[in-house]
1. Could you tell me how many cubic angstrom of Cα convex hull volume segment 18-87 has per residue?
2. So what's the gap between the Cα centers of segment 233-309 and segment 37-69, to the nearest angstrom?
3. Using the alpha-carbon centroid of each, what span in Å lies between segment 144-176 and segment 317-361?
4. So for each of 261-267, 84-90, 328-334 I average, over its residues, the number of other beta carbons within 10 Å; can you give me the resulting order with the highest mean first?
5. Let me check I have the definition right: for segment 1-134, take the eigenvalues of the Cα gyration tensor, multiply each by 5, take square roots. What are those semi-axes in whole Å, largest first?
6. Sticking with the crude label model, points 7 Å out along Cα→Cβ, report the distance from residue 189 to residue 232 in nm, one decimal please.
7. Determine the relative contact order of segment 260-319: mean sequence separation of Cα pairs under 8 Å and six or more apart, normalised by residue count, in whole percent.
8. Over segment 193-348, one equal point on each Cα, no solvent: what is log10 I(q)/I(0) by the Debye formula at q = 0.17, 0.19, 0.21 Å⁻¹?
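All of the numbers you see were taken from the coordinates with simple rules; none came from a lab. The structure presented is a predicted model; accordingly, all values stated were derived computationally and were not measured. So basically every Cβ, Gly included, is an ideal-geometry build from the backbone, and we count neighbours across all protein chains shown.
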């Protein structure tokens, strides 16, 4: 395949891309940000691991994707790619292991961290391997990136980064956006139905959802559990369902395309998110778009922000509490419906246009190279300076006119109460340079209309 000039303004180096069999919400975040930057006129590339579901090179939505190496081979191949192509700016996506791009380039490197992997390392690699992995992530990586700016998707992860010694003024929170839910033919199931969405790997703890089903099956005749996703842990999950005597009540759907996934979400009464750790929990807002509340673990980090406890879902501390919360929601239809409505409003507050603008502001600040986190923002549009540092600014989603003045007063108050507003206020049509002293939250605004029903 022939491509345009190999000159690169922004290069994302990522372990996986969205088409990878193990791709998930973090990969979708990277793709949407990359596509938004490309739409602004920047030359954007992504380097990630090769797999058998996509070609070695292709262009997707204006982003050139290069796939080389495997699970671990992608790391040295990515550094070689940086050396060869000399991008003007690198976004180094640290999924536990760092790529270390700052070791091979003098150009700005921005580090994207969805969540810290302290709990996952021993689950996946055992005690010794996990200790080595955590040492690399917690000690080596902060030193490698000691001059880099960071982006993360939640205040919870920003706090964890601070605990690793990364100064708050180098960290900016840019939350996930969410796509408006597509029209669906499905309606909520006539019988109680639970859903879990995500990769089938140990740290997602899908077996907790199966345990909830087993505990409630006698009290809730007709109860079913729908598991959407694939992964190497599926055999263990099927075996667990057999041991608990609920194999016939569990539906393993495997991978579903976007439309089929949303159809399945629309059929559910309650979503379970029993993961050990989530940077944000994109599945929460996706389910919320269909008025489906989520029950998840408070200790997972980002779920404390994607779920408004007691309003759009329920946060719990252990499996017993998860079982009780699910039972209450299945019993109390009016409460479940109220939470579903609130979940839809909360999900609608997050747009990719706002996330792209916020991310672009961090890149712009990195290029300008100020010592503090100074981000150039505009309510109508956030301009990204050309990566060379000269030339004409390019607008991102200039037609997006949503701002903090939109939405009902109740919705504005709800978002304000939950810390969704930026630490800095902006007036319409006025652009100014702002230095913040703590990890800033990029404002993700809500549309003026209430999302339509897809029941």
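1. Taking only Cα atoms, segment 18-87 has a hull volume of 81 Å³ per residue.
2. Each part's Cα centre sits 29 Å from the other's.
3. Cα centroid to Cα centroid, the span is 25 Å.
4. By packing density, highest mean first, the sequence is 261-267, 84-90, 328-334.
5. Rounded to whole Å, the semi-axes are 25, 16, 14.
6. According to this spin-label approximation, the distance is 3.0 nm.
7. 33
8. Per q value, in the given order, log10 I(q)/I(0) is -0.92, -1.18, -1.48.
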